[in-house]
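Asker: Below: one structure in structure tokens.
The values are calculated or read from the model by the stated rules, or taken from the named source; none is laboratory data. As the structure is a computational prediction, the values presented were derived from the model and not from experiment. Don't worry about glycine lacking a Cβ; one is built from the backbone with ideal geometry, like all the others, and counts go over all protein chains shown.
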């Protein structure tokens, strides 16, 4: 069993998929010789050549539009959007074309493409390079949205996304690229839409995804000193999301806190809280609490960004609220 960094696990998944399937191509800004802004595609150009590892002009609309066409003609493109903020420039190709192709053509065409993109703060990159926009994309029928929290999940879920017959947005938190974790040899592709229990507990369920899972785990360890055993549920996939695993956790713990780095308003947490209220309300002993960023752009200044991002203290406060 080998320890790998999150970014290295992504690179390994890309490399192995490209070795097996010559139809897998990689394209994006500075992803060839430079290896991408976060070096996830490093070494792929030397291994697979410029026909399959393509640097593109600075045009997210053009990149995703080209990938849609490539996917509809039999290739499996993997696009890198340098920052999630810039996915806004590709929304027509992604939302109106990729997501709708299967429906527009009566099932005769699908769009087997992956859009990889980093989200999240922590680098003092400001309001145009730090946004978490996954809730937008999870709202679009025809798109799948995945957000892993560990190197092993990054590896297995990216392989699953590349193999998927429909478009997948693969969200990577920038804070995780250097994270080390075990990636067992020979792991098969995972199943999109399946959550995991990252920590067992009996008193409250903390539901999260991406880098916020680690914030939740830190909070859970601190809460143990107060006699509170928190269960941490890692969603891993936001569209579809694993209702069954979440509902079982609610039935065990009877209290729920949902945590994400995205702004709290109209977010993934709001959808999950609403579904819990609709489907398993009788299991609740307290209202569901959501923990997220305030409704404002991400600040530049390190001191302000630190206060802006939900931390373990905010999660602990949320748990104390549902325990009273």
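Asker: Against the condition outside any strand (DSSP E or B), modelled with pLDDT of 95 or more and in contact with a helix residue (DSSP H, G or I) (Cβ under 6 Å, 6 or more places away or on another chain), how does residue 68 come out, does it pass?
Answerer: yes
Asker: Mind listing whichever residues of the range 1-25 are under 16 Å from residue 186 (Cα atoms), in contact (Cβ under 8 Å) with a residue 12 or more places away in the chain and surrounded by fewer than 21 Cβ atoms within 10 Å (Cβ to Cβ)?
Answerer: Of everything in the range 1-25, those that are under 16 Å from residue 186 (Cα atoms), in contact (Cβ under 8 Å) with a residue 12 or more places away in the chain and surrounded by fewer than 21 Cβ atoms within 10 Å (Cβ to Cβ) turn out to be 1, 2, 3, 4, 12, 15, 16.
Asker: Kindly provide the set of residues from the range 95-135 that are free of Cβ contacts under 8 Å to residues at least 24 places away in the same chain and either touching a strand residue (DSSP E or B) at 6+ places or on another chain (Cβ under 9 Å) or assigned to a helix (DSSP H, G or I) (or both), ordered by number.
Answerer: Selection gives 96, 104.
Asker: I'm checking my understanding of the structure. Among residues of the range 234-269 that are in a strand (DSSP E or B) and more than 14 Å from the chain's Cα centre (by Cα), which one is farthest from residue 284 (Cα to Cα)?
Answerer: In this case the residue turns out to be 263.
Asker: For the structure I just gave you, tell me whether residue 205 is assigned to a helix (DSSP H, G or I), in contact with a strand residue (DSSP E or B) (Cβ under 7 Å, 6 or more places away or on another chain) and surrounded by 18 or more Cβ atoms within 10 Å (Cβ to Cβ).
Answerer: Working: assigned to a helix (DSSP H, G or I): no; in contact with a strand residue (DSSP E or B) (Cβ under 7 Å, 6 or more places away or on another chain): yes; surrounded by 18 or more Cβ atoms within 10 Å (Cβ to Cβ): yes.
No.
Asker: Test each condition in (1) buried (at least 24 other Cβ atoms within 10 Å of the Cβ); (2) free of Cβ contacts under 8 Å to residues at least 60 places away in the same chain; (3) assigned to a loop (DSSP other than H, G, I, E, B) for residue 161 and report the one that comes out false.
Answerer: It is condition (3) that residue 161 fails.
Asker: Can you work out which of the residues in the range 273-321 that are in contact (Cβ under 8 Å) with a residue 60 or more places away in the chain and farther than 17 Å from residue 215 by Cβ is surrounded by the most Cβ atoms within 10 Å (Cβ to Cβ)?
Answerer: Within the range 273-321, the match that is surrounded by the most Cβ atoms within 10 Å (Cβ to Cβ) is 299.
Asker: Scan 262, 270 and give me the residue that is surrounded by 22 or more Cβ atoms within 10 Å (Cβ to Cβ), modelled with pLDDT of 95 or more and over 25 Å from residue 14 (Cα atoms).
Answerer: Exactly one residue qualifies, and that residue is 262.
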